[in-house]
1. Name the single residue, out of those in region A:74-115 being in a strand (DSSP E or B) and at the interface with chain B (Cβ under 9 Å from one of its Cβ atoms), that is surrounded by the most Cβ atoms within 10 Å (Cβ to Cβ).
2. Please identify the pairs in which a residue from region A:13-28 that is within 20 Å of residue A:73 (Cα to Cα) has its Cβ atom under 6 Å from the Cβ atom of a residue that is surrounded by fewer than 18 Cβ atoms within 10 Å (Cβ to Cβ) and among the small types (Gly, Ala, Ser), counting only partners at least 6 apart or on another chain.
3. Provide a single number: the residues in region A:15-44 that are farther than 17 Å from residue A:97 by Cα and not acidic (Asp, Glu).
4. What is the one condition in (1) under 15 Å from residue B:6 (Cβ atoms); (2) in contact with a Leu (Cβ under 9 Å, 6 or more places away or on another chain); (3) surrounded by fewer than 16 Cβ atoms within 10 Å (Cβ to Cβ) that residue B:89 does not satisfy?
5. Considering only region B:46-57, state which residues are surrounded by 14 or more Cβ atoms within 10 Å (Cβ to Cβ) and either away from chain A (no Cβ under 13 Å) or part of a strand (DSSP E or B) (or both).
Amino acid sequence: GAGVSQSPSNKVTEKGKDVELRCDPISGHTALYWYRQSLGQGLEFLIYFQGNSAPDKSGLPSDRFSAERTGGSVSTLTIQRTQQEDSAVYLCASSPQQGASYEQYFGPGTRLTVT
Amino acid sequence: GNSVTQMEGPVTLSEEAFLTINCTYTATGYPSLFWYVQYPGEGLQLLLKATKADDKGSNKGFEATYRKETTSFHLEKGSVQVSDSAVYFCALTLRSGGGADGLTFGKGTHLIIQP
């Protein structure tokens with residue numbers, strides 16, 4: 001079946017603007033994760049959804065970052081008032097969370113550039 | 001907190017050489033361990049996993065054994081190929097409730113295989 005998809009694949013925005021990044025997980029996967037990959041910080045966990053609720057938001061770097069998930073499927077990561085340090089590749093992953101299978105399947109990412 | 005430490009590269013080897021990439025971890029509970037690989041221009045892919053002590057994960061000729069006593073999960077391959085050139089990430093996750101926390105990644109090891 002289809003893998004995790006993300007849109008847009010690339011986004012260039014001006015400092016101070018808001019952006020929305022979208023993730024479509026693998027059908028039937030109950031867990032969804034957002035990560036950020038940047039040269040300086042490596043791969044950082046941002047937020048985790050189980051169904052529509054977010055039990056762990058500990059990785060969100062500031063209150064400019066928020067995320068929601070509706071219908072237990074699509075998720076949107078919103079960054080308000082973007083800053084240059086927000087430039088990174090934003091990765092989404094989903095997981096079936098069944099039994100001992102905690103594998104996470106990653107999407108191709110959205111490359112965000114803040115100018 | 002949780003952390004993963006892996007050797008940073010680049011690691012340059014000749015084709016057919018033996019590969020070891022070291023990975024050690026600290027965790028507040030009993031983690032599941034993973035190696036992910038990122039080929040040039042592609043997304044993160046799960047390479048192998050182990051969910052309990054002494055488990056050996058294996059895939060595509062790569063192996064790693066979950067060593068609880070040394071908190072390690074070293075990646076090995078007996079004979080590397082040019083096509084193995086990629087960035088390799090060691091990662092862990094902890095089970096929580098009915099699911100698993102976000103992955104904690106090492107900084108990645110860039111592997112270059114020369115013909």
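1. A:93
2. That search, which allows pairs on different chains as well, returns A:22/A:7; A:24/A:5.
3. Final tally of qualifying residues: 16.
4. For residue B:89, the exception is condition (3).
5. The answer is B:46, B:47, B:48, B:49, B:50, B:57.
Only the coordinates and a few stated rules stand behind these numbers; no lab work does. A quick note: this is a predicted structure, and the numbers were derived from the prediction, not measured. Neighbour counts run over all protein chains shown; Cβ positions are idealised from the backbone, glycine included.
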